[in-house]
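Remarks on the structure that follows.
The values are calculated or read from the model by the stated rules, or taken from the named source; none is laboratory data. Worth saying up front: this structure is predicted, and the values here are computed from it rather than measured. Every residue, glycine among them, receives a Cβ derived from its backbone with ideal geometry; neighbour counts consider all protein chains shown.
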Amino acid sequence: MLAASPAVARLLGPGAWDALRPGAETPLLTMLSPGHMPPDGGWQTVGLRLPAGGLTRLEARLQPLIVGRRRLALVELRRPGAEVAAPATAAEADVEPPPWEENNRLMQIAAAVDAVLWEAEAATFRFTYVSARAESLLGYPLRRWLEEPGFWVNILHPEDRARAVEFCRSATEAGRDHVLEYRVLAADGRVVWLRDIVRVLPGPDGRPALLRGVMVDITERKIVEAALEASAAHYRTLMEQASDAIFVSFPRGTFIDVNTQACALLGYTRAELLTLTAADIVAPGEFASRPPRYDDLFSGRAVRVERRLRRKDGTLVPAEMSITRLTDGRLLAIVRDVSERTRIEQALRRRDAILSAVSAAATRLLGSACWEEHAEQVLAELGAAADVSRAYIDQNLTVPDGGLRCLRRFCWAAPGVRLAYRRLREQPFDPYALGLGRFARLLGSGAVLQGHVRDLQPAERALLEPQGIRSLLAVPVFVDERWWGTVIFDECREEREWSEAEVEALRLAARLIGAAIKRGKDEAALRASEQRFRMLAENAHDVIYRFSLVPTPVVEYVSPAVERTSGYRAADLLADPELIFRVVHPDDRPLLQKMLRGAHGIAEPVVLRWLSPDGTPLWMEHRNTAVYDADGRLVAIEGVARDVTETKRYEERLHRLAYYDPLTGLPNRAYLLEWLEQMAAARAPDHDVTVLLLDLDRFKLVNESLGHAAGDTLLQAVAERLRAALHPEDLLARVGEDEFAVLLASPSAPEAAAERLLDALAPPFTVDGRQISITASIGIVQRPVAAASAAELLRDALTALHQAKTMGRARWVQFDERVRARTVARFGLEHDLRRALLAGGLSLAYQPIVDVDTGRIVAVEALVRWQHPERGPVPAGEVIALAEDTGLIIPLGEWVLREACRQAVAWQRLAPDAPALTVGVNLSALQLRHSGLVASVRRVLAETGLAPSALCLEITESVALEGGEATVTTLQALKELGVRLALDDFGTGYSALGYLSRFAVDTLKVDRSFITDADRDPRTLSIVRAITAMAHALGMDVTAEGIETARQLAAVRAVGCDWGQGYHFSRPVSAAEVTALLQRGFLPAS
């Protein structure tokens, strides 16, 4: 107690002043401490014992003050019912100030509270006295306080100035003491809150003369009050945004505050709840019988309790509460509605009970051979666990008319509940006739039927309500995916919401019943199946067996078919455990061991070779099934063995056809490619592989002249010679009609191997009594096995082979990049030739043939010319060879023929009266063998109008001899057209004289090799003379080729040659130059 006014003594009586002197401790002070007074500044009734004795009752009000760093309190006392004004803020009315009467007492108070004491004139508010604290509080000198007119008004905060001045003036004029809180501006610009306690002192005339007061710095208190207001707003926001209900109460349970969620939980308004206590909302009997643990509350720990709360409408809500004691003694309760959790817990307990019943049902139903024996007990346990009124199992029956009938097989009712529909157990019922057709359709589709009876259709309610049924749950039972029947629960005591857990548990029970029914059916089917199996096994053609593997493999069963299949009796195999291992071929016994260990032949069939008693091998395909015990150990192998010997032989024949050439017996291309791929996988990457690709030169001539039979005989003989020329470990394959490939086991010296092959083919072959000589071209490729695929190896070997043929055949070429480059260039040339043939890039040159006696031009030989845009002129021989290799020789030959005939007609028109000029056109071997040659010649003659006698077709002696009878036939057909035939390069072939009589040839052209030496070698000239005489004897003309000198011309003229051709007369020239020569009539003499 720092100070007290005399009015305190008047209220408390004698001795009170001494009891309240500064520093005294009294029950009054303890009772009036902030911890026992309402914090909002309201009046509180208190009773205290007076120092002089006796008990008095007063009303007290506490106003907290913060002065500097000190916390003070202003306590006001009054008798009950007395009117005392409240302290005024800047916006409030004034209150009665404490009435100090002694000046020294005022000074003591000012010093104690570290405040500013002042005195001022009532009329002008001019200070006449200010204590020294004023200067340190606001920073203004005391001189300004005392001397400056209107100083107090000037330092007031602008926002408070008018209100403060008006309040003080009106209170002063009324002579009323007053208290005012306002803001002033300190000298340094700070805003300072002051609480001014003012007493008005009258003058002699009774009018207010002086004002005396105390200014107390309350700035810190104002800051705290602002923070408290913000905290209160935050508190209210948290209260309203909380998802749980919140109650704040005094310790005795009176509610002080509640949030919106609390009102929603209990159905009261906030005003209604604030008139209630905790006892009013807790369920009867639960508040007093289960009080909170107050020891925990007063120790600061939160207390968690569960109670049922009573709503305004009387319903009870299960709730979980967390109660905490706040620092000011109030209680905070956070309340959560746990209705849903309670419902779920009840459902889970019920589900667990059902699952337990289902587990027991599983043991009974699946552990018994007859599930019906335990159905009643299982149904009773399920119904009791689910806490339902009744439970049923209905079975569907099939009737002759195809309709649905149901029979109530089993039923159960809870104690005190009577069974419904007893008659349904005695005879089947039609659900559609009873109005339950919708139930049947839903259940038959696999759906669960559940709900309240009041929500059903009228016909359904009419059937169920008389039985007292209020809720229904039905789950279908399926066996082998067919609706077998239904498990039904009903509830007649109350409407019931079936939880998902209960529905799922009943589904499990239905599946269990279905499984038990299926098991019974399966066992019956198994017994019947075993009987059928025994009958089938005894009569089956395949061998049926069972190997028992524990402790050692033995034949436990084998069907009688084993004797028909293998010759061994079933009794012998059962009696002798080792016999089966002797039956299987020695090479396949390891496979049998793997099969019996379950490591092979389980997921796929396995083929073993059996040996019959006489040693005949049998191929047996085994299809096995593994048999395991309960611990997962392999205990037996069951299977079927089928005789696939014929299939195996057929497969071997197919394999032979797929991988071997039927004509020569050699491996074919597929075999070679597969072998190369296997080698690439098995050998080191740097291991060299060598392939030789051999192609017979001009083999087609043999086929076309002697026939395919002769060709096949020749190929077989060639294969034998090639095989004999190779090492045993080398691989020889026939990869095409007349192509052979060799894979050398040793990659060294492939050139030597190629030479051996060519040497082996050098001697003539005898085919059908004829001597046939044939050569071959060989392409060699050698590289590391990892450097190229099998297809690439053969491709490069083929490239080298083509190069060998281009170089003249009967030789070998080893592949390198230059060979590839030449091949690529050749391919490019082939492309260019095709384009030239289509685009008119070719031309003809003509070499005159003259009468050796007169020098007159009697014929010309047409020669093809190709001026390549990049390479320049391409030799005619290369063009013809290229055309033959690419198949262009037929269209090229026809173009040459047509162009030559067209030009010959043009020349005839220049001199229609002169003898017709003959034009000669060369035919290649391919053209001569072409079936359309005769038709082509006939067509060209018709299109150009050239007389057939003016056309001379030239063939070489070798081509004529290679063609055989086919050539004779073609030449005869051409002769019948009227064209002339010339045998070119005569004398270079063999056996020609024997064919001359058969060929309808008009002209022999003696090869230039004879003419070159005719003027200086008498023997050569004699040969020319003989040829000429023979030709003339056969009615043929003779043309000497290659005449280059006058001496050669004189020589051939001397022996009787008719015509001459060569550079002595003219090189091949264009058609225009020939025209000029014709116009002169004769060639210039040399």
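Quick one: which strands (runs of 3 or more DSSP E) lie wholly within segment 756-868 and hold at least 1 residues that are of a type in the set (Lys, Arg), in contact with a Pro (Cβ under 8 Å, 6 or more places away or on another chain) and modelled with pLDDT of 85 or more?
Correct list: 857-868.
Quick check, is Glu899 outside the structural domain of Leu701 (by TED's automatic domain parsing), more than 30 Å from Ala804 (Cβ to Cβ), buried (at least 16 other Cβ atoms within 10 Å of the Cβ) and touching a Pro at 6+ places or on another chain (Cβ under 9 Å)?
For Glu899, the condition - outside the structural domain of Leu701 (by TED's automatic domain parsing), more than 30 Å from Ala804 (Cβ to Cβ), buried (at least 16 other Cβ atoms within 10 Å of the Cβ) and touching a Pro at 6+ places or on another chain (Cβ under 9 Å) - is not met.
Name every residue in segment 1024-1070 that is more than 29 Å from Lys975 (Cα to Cα) and in a helix (DSSP H, G or I), in order of residue number.
Ala1046, Arg1047, Gln1048, Leu1049, Ala1050, Ala1051, Ala1054
In segment 1038-1065, which residues are touching a helix residue (DSSP H, G or I) at 6+ places or on another chain (Cβ under 7 Å), touching a residue at least 24 places away in the same chain (Cβ under 8 Å) and on the phi < 0 side of the Ramachandran plot?
Val1038, Ala1040, Glu1041, Ile1043, Gln1048, Ala1051, Val1052, Val1055, Cys1057, Gly1060
Identify all residues within segment 257-274 that are touching a Lys or Arg at 6+ places or on another chain (Cβ under 7 Å) and not in a helix (DSSP H, G or I); write none if there are none.
Val258, Gly267, Tyr268
Any residue in segment 635-650 that is closer than 30 Å to Leu714 by Cα, without any contact (Cβ under 8 Å) to a residue 60 or more places away in the chain and exposed (fewer than 15 other Cβ atoms within 10 Å of the Cβ)?
Yes, that holds for at least one residue.
Considering only segment 662-726, give the helices (runs of 4 or more DSSP H) lying wholly within it that have at least 3 residues that are at pLDDT 85 or above and closer than 26 Å to Glu792 by Cα.
Hits in segment 662-726: 669-682, 708-725.
Out of all the residues in segment 922-937, which are touching a residue at least 60 places away in the same chain (Cβ under 8 Å) and among the hydrophobic types (A, V, I, L, M, F, W, C)?
Across segment 922-937, the qualifying residue is only Ala925.
Can you pull out the residues in segment 651-670 that are among the aliphatic types (A, V, I, L, M) and surrounded by fewer than 17 Cβ atoms within 10 Å (Cβ to Cβ)?
The answer is Leu654, Leu657, Ala658, Leu663, Ala670.
Within segment 135-147, can one find any residue that is in contact with a Phe, Trp or Tyr (Cβ under 9 Å, 6 or more places away or on another chain) and among the basic types (Lys, Arg)?
Within segment 135-147, one or more residues are in contact with a Phe, Trp or Tyr (Cβ under 9 Å, 6 or more places away or on another chain) and among the basic types (Lys, Arg).
Can you name the condition, by its number, that Val979 falls short on among (1) closer than 30 Å to Asp697 by Cα; (2) modelled with pLDDT of 95 or more?
Only one criterion in (1) closer than 30 Å to Asp697 by Cα; (2) modelled with pLDDT of 95 or more is unmet by Val979, namely (1).
Got a sec? Which of Leu355, Leu348, Leu366, Leu379 is at pLDDT 80 or above and of a type in the set (A, V, I, L, M, F, W, C)?
Every option except Leu379 fails the conditions.
Only residues that are under 30 Å from Phe255 (Cβ atoms) and among the hydroxyl-bearing types (Ser, Thr, Tyr): list them for segment 329-384, please.
Ser339, Thr342, listed by residue number.
Is there a residue being over 24 Å from Val358 (Cα atoms) and within 48 Å of the chain's Cα centre (by Cα) anywhere in segment 461-472?
Taking every residue of segment 461-472 in turn, none turns out to be over 24 Å from Val358 (Cα atoms) and within 48 Å of the chain's Cα centre (by Cα).
Could you count how many residues in segment 910-959 are in a helix (DSSP H, G or I), surrounded by fewer than 19 Cβ atoms within 10 Å (Cβ to Cβ) and touching a Leu at 6+ places or on another chain (Cβ under 8 Å)?
Within segment 910-959, residues that are in a helix (DSSP H, G or I), surrounded by fewer than 19 Cβ atoms within 10 Å (Cβ to Cβ) and touching a Leu at 6+ places or on another chain (Cβ under 8 Å) number 5.
Considering only segment 309-327, state which residues are touching a helix residue (DSSP H, G or I) at 6+ places or on another chain (Cβ under 8 Å), closer than 16 Å to Leu276 by Cβ and of a type outside the set (A, V, I, L, M).
Those that are touching a helix residue (DSSP H, G or I) at 6+ places or on another chain (Cβ under 8 Å), closer than 16 Å to Leu276 by Cβ and of a type outside the set (A, V, I, L, M): Arg310, Arg311, Lys312.
Quick test for you: out of Leu326, Leu331, Leu355, pick the one residue that is surrounded by 14 or more Cβ atoms within 10 Å (Cβ to Cβ), of a type in the set (A, V, I, L, M, F, W, C) and under 30 Å from Arg307 (Cβ atoms).
The match here is Leu331.
Of the conditions (1) more than 24 Å from Leu837 (Cβ to Cβ); (2) at pLDDT 95 or above, Cys952 fails just one. Which one is it?
With (1) more than 24 Å from Leu837 (Cβ to Cβ); (2) at pLDDT 95 or above applied to Cys952, the lone miss is (1).
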